[in-house]
Amino acid sequence: MAELLGLTKAGFIASSLVIALVAVVVCVRLLPRYSGTGLGQAAVRAGLLVGSQVLLLLALLVVINSDMQFYSSWEDLFGADSGTVRIADQSPVAQPPPAAPRVRPSHDALTRRLPAGEGRLRVLSLRGSRSGIGTRAYVYLPPQYAQDRSQRFPVVLFLASPRDTILRRRLPELAAREIAAGRLRPEVIVIAPTGPGCVDVPGGKQGETFLSEDLPAAVDAAYRVGTAPGSWSVAGPGIRGPAGYCAALLAMRHSDRFGSAVFAAPSLTPPPGRLYGDSRSIRDEYDPRWRLRHRPPPPISVGVIADDGFSADARPPMRAEPLPVTAAQDVPAILRWLGTHLSPGSRP
C-alpha cells in the first residue's frame, strides 16, 4: 500500500485526480439545491466551491511534482528522509559515507517504456548527504553496459523533466538508435530534474552541491562510469528555463567533473530572488556571462544554442561553438555533439 500511495506513484496521482473530479461533479450537482439567499445556504455554496477548488489545486500540484520531481517522497516533503540512496534493480554497491545504499528491486511506468534490446532504464532515488536534497533521476544504460563488465562508460547529465524527456522526447530510444548506428559511442545518460535549482543559497537549499557532488557521487557508486577528466558532460538544451543556466554553471564552476556542456544562450540569466544572501559578489559568481569576462576560462568545450555572442567572448582553454536554434529540440544532435567531446570510459 505504501508503494501505491507514494508521493510520485501512479496510484496516488490517479487517486488525487479522481477525487478532484468527483468533488467538482458533486459541487456542480449540489449547487442548485443551495441557491437560496439564507446565510446557511450561502455558507454551503462557499464550502462546495472552496472545497472543490482546493482539491483541484492539490491534484494539479501532485501532477506537477510528479513531472518536475520537486519532492520525491513523503519523507522528502516533510523533511524526514533518512539520507540514503536507493537504486532500482541494481546489485548492492558501496556508497560514500555517511549512508550506505538500500536496494529496491522495483520499476516504475517510465522504466518499462524502453523496448527490449535498446538498453536499460533505471531509477536512482537519493537524498544528498551533503546538500540534504532528495529527488529521483533516471539512468539510461546502453546495451554494451551489460556486455562488457570490465568497461567504464562516459556520462551525459541531461537536465530536464524526466517524464517529458522519456515520453515526449524519447531520449533513451533515440540514444539507443544512435549507438546502434555507430553515430554515438556507448554512454550512460542521467536524466535529472532541475527542481532544486543550481545555486547554493546561504542558509537555504544547496542546489549546486546536489548537482555537482551528491548526484555524481551516487552515480559513481552505483554504476561503472568514467573517472578520467572529461568523462562527464552536461546538457540543458531548453531555450528558456533553468536547465541551460544550470548546465553552463556546472561546466564553468566544476570543470574538474564536467568537461563539456550544451546550453542555450537565452537561458543564462541568473535566477531572481533572494538566493545570494543580498551579496552582489555571490550573485556575480553565479552569472555565467560575468564569469566569462572576469574569471580565468575553464578547460571545457561548450555548444551554445541560439548563440548571442557568448561564444565569441570565450578564451582558451575554453572552446565554444555556436549551435542552431533547432538543436534545442534535436536530441540526437545534442548527444552526438557531446559524444565528440567526451573522454572515453576507462578500465576499472
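The values are calculated or read from the model by the stated rules, or taken from the named source; none is laboratory data. Just so we're clear, the structure is a prediction, and the values are computed from it rather than from any experiment. Every residue, glycine as well, gets a Cβ built from its backbone with ideal geometry; the counts of neighbours run over all protein chains shown.
Just a few scattered comments:
- Residue within the range 316-332 that is under 18 Å from Gly230 (Cβ atoms), assigned by TED's automatic domain parsing to the domain that holds Pro186 and of a type in the set (Lys, Arg) present: yes
- Any hit, the range 184-200, residues being within 23 Å of Ser125 (Cβ to Cβ), modelled with pLDDT under 95 and among the small types (Gly, Ala, Ser): yes
- Residue match in the range 244-259 (condition: of a type in the set (S, T, N, Q) and within 20 Å of the chain's Cα centre (by Cα)): yes
- Test result for Ile305, within 25 Å of Gly195 (Cα to Cα), buried (at least 19 other Cβ atoms within 10 Å of the Cβ) and not acidic (Asp, Glu): yes
- Candidates Pro298, Pro344, filtered to the one that is outside the structural domain of Pro154 (by TED's automatic domain parsing), surrounded by 14 or more Cβ atoms within 10 Å (Cβ to Cβ) and within 15 Å of Gly230 (Cα to Cα): Pro344
- Subset tally (residues that are at pLDDT below 80 and of a type in the set (Lys, Arg)) for the range 1-32: 1
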